[in-house]
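This report refers to the structure that appears directly beneath it.
The values are calculated or read from the model by the stated rules, or taken from the named source; none is laboratory data. None of these values were measured; they are calculated from a predicted model. Methodologically, a virtual Cβ is constructed for each residue, glycine included, from the backbone with ideal geometry; neighbour enumeration extends over all protein chains shown.
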Amino acid sequence: MSGERVTRLRGKDLLGIDPLSPGEIQLILDTAVEMREIAQRPIKKVPALRGKTVVNLFMEASTRTRFSFEMAEKRLSADSLSFAAASSSVSKGETLLDTALNLEAMQPDFLIIRHPHAGAPHRLARVLRSSVINAGDGAHEHPTQALLDALTIRLRRGGLAGQVVAIVGDLQHSRVVRSNVLLLSRMGATVRVAGPPSLIPVGMAALGCEVYTRMEDAIAGADVVMMLRIQLERQGRMNFPTVREYYDFFALTPERLKLARKDCLVMHPGPMNRGVEIDSRVADGPQSVILEQVTNGVAVRMAVLYLLAGGYGEPTAN
Amino acid sequence: MRRVEVMDAREIARALERMAAEVVERGGDEEQLYLIGVQTRGVPLARRLARLLAAATGREVPVGALDITLYRDDIGPWRPAHQQPVLRATNLPEAIDGRVVCLVDDVLYTGRTVRAALDTLMDYGRPKAIRLAVLVDRGHRELPIAADFVGRTVPSSRVEDVQVRLKETDGEEGVWIAREDGHER
């Protein structure tokens, strides 16, 4: 990691973890730490983004991420508009680019986009003046999720470097795993991933992680176990025989958790399939920080909005 | 960059002692007094004043830290440098409702930081009164704001920079007037 302290983001947009330097990741996390305090105030709102307009363009189902962004926007006093694909002209056949250009003609400052296709936010970012934030694109990236996961680990463990993080589940369809592997490995953590061979994409190790097909090998001695949701809606056909068999081999149970470090953190990006990838006794157990992740999500999104609102680019003198 | 010292460590200590004495003299509401330092250098100054007040009155005064960044009037489109100021911690260990808050900062200049601090405080509650203590008043106010307790009035030019350095935050102690070479008064 470079010694120079970064005080601004270089890009107009937040499209993924991949374009971020360790210094930029550090800046977002440092800013988010202080943003957390705002939720404890009697008046949970600061005027920093007064007069800024944010469009939330969610072309795919989302509860947590959309609410989290909306909450972050409101806490910073931005005006926000939320767009639901079902009730819009998308259902009349308008292209994504046309939708975005029409929205931009109303002069928003930010466009938050969730889209089923990888690269959709990047396509829009090239033509729009507003800052584009990727809220999940297909199976590609979900940068604010990885940032909130990193913040949760950092607040519990004091740092990311040297942590052993095991990520288990459907690696094939998960954008969360990609963003997390990129972020955690960039910040000096060791990342192990595990899942059924039929759900491990080609080239997984090249992202910067160790790949396992036995869950037990991945979680042995781990500091953090992050479970991924089995995305039944994304699978044309099941990539494993039955949900029951999946549970038998890849669910985080109290017995399996004993293989990890004694105070190992249990994480899940939600929504959970209880009894499929995670046992309720673990999800609701003392090592679970799943709800802290949700709390930290608002702070991380506030930090990203605040930093992008102030401008971007290479640092100038002074 | 040329730097001229206007206060050394001893003068800072004496100024703070006198300010503490003035706070006590003003009196009346010592029990409700609450010192809140504006990040960054107002915080160690508030701690030092609290120690002096405790020595003078035998009463502990709570100390808080306030970050005013998100209430500034120069973030967003008005800020020419295009760089968001770095956020620091806000930590108010006790509620401010009904208290006599004494804001503490190192330098009073345009008054815009104090305006932001007043707005920030109002979102935390309803103090009985808010007073302002600054180590240095360098003039050039842009808002109708005045300090109640001033360590030293330092006449300065706008092209100059008044730098307060404290052991706790900077590893050195003193107040300097600095100006870029090429600017003459």
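Would you please name the residue that is surrounded by the most Cβ atoms within 10 Å (Cβ to Cβ), looking only at residues in region A:52-62 that are away from chain B (no Cβ under 14 Å) and of a type in the set (A, V, I, L, M)? Only one residue fits best here, namely A:Leu57. Taken together, B:Val150, B:Val101 contain a single residue that is more than 20 Å from B:Asp73 (Cα to Cα), at pLDDT 95 or above and out of contact with any Pro (no Cβ under 7 Å at 6 or more places or on another chain), which is B:Val150.
Scan (1) in contact (Cβ under 8 Å) with a residue 24 or more places away in the chain; (2) surrounded by fewer than 15 Cβ atoms within 10 Å (Cβ to Cβ); (3) of a type in the set (A, V, I, L, M) for the single condition B:Ile68 breaks and write down its number. Going through (1) in contact (Cβ under 8 Å) with a residue 24 or more places away in the chain; (2) surrounded by fewer than 15 Cβ atoms within 10 Å (Cβ to Cβ); (3) of a type in the set (A, V, I, L, M) one by one, B:Ile68 breaks only (2). Exactly one residue out of B:Arg3, B:Arg51 is among the basic types (Lys, Arg), over 28 Å from A:Arg36 (Cα atoms), out of contact with any strand residue (DSSP E or B) (no Cβ under 9 Å at 6 or more places or on another chain) and more than 14 Å from every other protein chain (Cβ to nearest Cβ): that is B:Arg51.
Helices (runs of 4 or more DSSP H) fully within region A:213-309 that include at least 2 residues being surrounded by 14 or more Cβ atoms within 10 Å (Cβ to Cβ) and touching a residue at least 60 places away in the same chain (Cβ under 8 Å): A:290-309.
Test A:Leu49 against the criterion of being more than 14 Å from chain B (Cβ to nearest Cβ), surrounded by 21 or more Cβ atoms within 10 Å (Cβ to Cβ) and more than 14 Å from A:Thr295 (Cα to Cα), and give yes or no. No. If you go through region B:87-145 and keep only what is assigned to a strand (DSSP E or B) and surrounded by fewer than 16 Cβ atoms within 10 Å (Cβ to Cβ), you end up with B:Asn91, B:Ala129. Looking across region B:138-164, just one residue is in contact (Cβ under 8 Å) with a residue 40 or more places away in the chain and under 13 Å from B:Thr110 (Cα atoms), and that is B:Val162. A:Ser198: assigned to a helix (DSSP H, G or I), of a type outside the set (A, V, I, L, M, F, W, C) and in contact (Cβ under 8 Å) with a residue 40 or more places away in the chain, yes or no? Answer is yes for this residue. Among the residues of region B:90-103, is any in contact (Cβ under 8 Å) with a residue 24 or more places away in the chain and farther than 28 Å from B:Glu31 by Cβ? No, there is no match, as no residue in region B:90-103 is in contact (Cβ under 8 Å) with a residue 24 or more places away in the chain and farther than 28 Å from B:Glu31 by Cβ. For region B:31-54, a residue qualifies if it is in a loop (DSSP other than H, G, I, E, B) and among the β-branched types (Val, Ile, Thr), and exactly one does: B:Thr40. Among the residues making up region A:67-79, those that are charged (D, E, K, R), surrounded by fewer than 20 Cβ atoms within 10 Å (Cβ to Cβ) and either touching a Lys or Arg at 6+ places or on another chain (Cβ under 8 Å) or farther than 16 Å from A:Ile113 by Cβ (or both) are A:Lys74, A:Asp79.
Can you name the residue in region A:2-43 that is more than 9 Å from chain B (Cβ to nearest Cβ) and farther than 29 Å from A:Ala139 by Cβ and, of all such residues, is surrounded by the most Cβ atoms within 10 Å (Cβ to Cβ)? Filtering first and then ranking leaves A:Val6. Among the residues of region B:16-30, those identified as acidic (Asp, Glu), assigned to a helix (DSSP H, G or I) and over 18 Å from the mean Cα position of the chain (by Cα) are B:Glu25, B:Glu30.
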